[in-house]
1. I'm trying to understand the selection: among the residues of region 71-91, which are assigned to a loop (DSSP other than H, G, I, E, B), at pLDDT 70 or above and within 21 Å of LEU135 (Cβ to Cβ)?
2. Need pairs with beta-carbon distance below 9 Å; first residue in a strand (DSSP E or B) and at pLDDT 90 or above and within region 133-161, second of a type in the set (A, V, I, L, M) and open to solvent by 60 Å² or more (accessible area, probe 1.4 Å); sequence gap 6+ or separate chains.
3. So, of the residues in region 9-34 that are open to solvent by less than 50 Å² (accessible area, probe 1.4 Å) and within 25 Å of the chain's Cα centre (by Cα), which turns out to be nearest to ALA149 (Cα to Cα)?
4. If I filter region 13-26 for residues that are at pLDDT 80 or above and assigned to a strand (DSSP E or B), do I get at least one hit?
5. Being open to solvent by 60 Å² or more (accessible area, probe 1.4 Å), more than 16 Å from TYR127 (Cβ to Cβ) and either in contact (Cβ under 8 Å) with a residue 12 or more places away in the chain or in contact with a helix residue (DSSP H, G or I) (Cβ under 7 Å, 6 or more places away or on another chain) (or both) is the filter here; which residues of region 217-250 pass it?
6. Hey, among PHE284, PHE278, PHE288, PHE299, which residue is surrounded by 11 or more Cβ atoms within 10 Å (Cβ to Cβ), of a type in the set (Phe, Trp, Tyr) and assigned to a loop (DSSP other than H, G, I, E, B)?
7. Name the residue that is farthest from VAL272 (Cα to Cα), counting only residues in region 200-209 that are out of contact with any helix residue (DSSP H, G or I) (no Cβ under 6 Å at 6 or more places or on another chain) and touching a residue at least 12 places away in the same chain (Cβ under 8 Å).
Amino acid sequence: MKSIVKPLIFENISGLMQRLALPRPLHPHIALVHYDRTKPDLSDAGSLYLLHFYKIAFKSRFSGKAKYGPGSYDFQEGGLAFVARNQLVELSGDAEEHEGYALFFHPDLFNDYPLAGTIQQHGFFSYSVNEALFLSENEKKVIQSVFEAIDTELKNNIDRFSQDVLVSQLELLLNHCNRFYNRQFLTRNVMHHDLIDRMNAYLTEWFAKEQALISGLPTTQEIADQLKVSQRYLSDMLRSLTGKTTRQHIHLRLIEKAKELLSSDTLTTAEVAYQLGFEHPQSFNKFFRQKTGLSPAAFRKLLYSNQ
């Protein structure tokens, strides 16, 4: 029987810095590590870490592949990777030369600020390994300037304005990341439209096999797994390109299939409902009316009257 490897748990940033033999943080709730100035102790390489705080890694230059969570990806042109709090990550043993920063920040930093209620809206903390933010040269300059500003502020003596300034700088960084991810969705248009095509093909096959009759509609997680992307990335990408979430796309395809089945007079409305995965015809009737403005019976009547 395979033994379970317990992760090393870090509740605060100071504990992590001490474990990695890095300089003691200048602020208890936020720390900035310079990749090109400090080298961590890699004796834990391969170990799992569980951080009770967030991490943003910015690599402006890198040669080779960077370890991130359970996998790795190419950072050659520079980019940003994000780790949510309470997320398992594997410490890389990669000692390649690279430039940039690692920013660690604890939620206690912004508990009394609006960011505490909005940080969950920054979906990139839930993205997976191959969904890093790759930056243009101009974007790297923008991100570099924000990290430098945070660095300067951390080196100042802490006063009653320090936390306000640091939280505002962190919010600025996160807002830039939102903007640049939206650009990435658009500039990688071909790749993302291929994802949409594959998702539509998967849903078409699902209905063709009458899979909905057996197990109901596919979940957003099942579709994301099929496409080999994270659920949050898929939803954010779709919303950026089409204005609709994954769930709304599933519903659109469901309505298309419902109209196709209702166009045939070989199935009753109840049989259509069951074939599409609804346990009760009444639920199907309500859903169809919400999406089309017509009941299934009214749709059929309108269809036949136009023939």
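The values are calculated or read from the model by the stated rules, or taken from the named source; none is laboratory data. What you see is a predicted model, and the numbers here were worked out from it, not measured in a lab. So basically every Cβ, Gly included, is an ideal-geometry build from the backbone, and we count neighbours across all protein chains shown. For accessibility, only protein heavy atoms count, side chains too; no ligands or nucleic acids. Shrake-Rupley method; radii C 1.70, N 1.55, O 1.52, S 1.80 Å.
1. Across region 71-91, the qualifying residue is only ALA84.
2. none
3. LEU32
4. For region 13-26, residues at pLDDT 80 or above and assigned to a strand (DSSP E or B): absent.
5. If the condition is that a residue be open to solvent by 60 Å² or more (accessible area, probe 1.4 Å), more than 16 Å from TYR127 (Cβ to Cβ) and either in contact (Cβ under 8 Å) with a residue 12 or more places away in the chain or in contact with a helix residue (DSSP H, G or I) (Cβ under 7 Å, 6 or more places away or on another chain) (or both), then GLN226, LYS244, ARG247 are the ones that fit.
6. Criteria check complete, one pass: PHE278.
7. ASN200
For (1) open to solvent by less than 10 Å² (accessible area, probe 1.4 Å); (2) over 28 Å from LEU234 (Cα atoms), each residue gets a yes or a no:
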residue	(1), (2)
ILE143	yes, no
ILE158	no, yes
LEU166	yes, yes
LEU173	yes, no
ARG179	no, no
GLN184	yes, no
ASP194	no, no
ASP197	no, no
ALA201	no, no
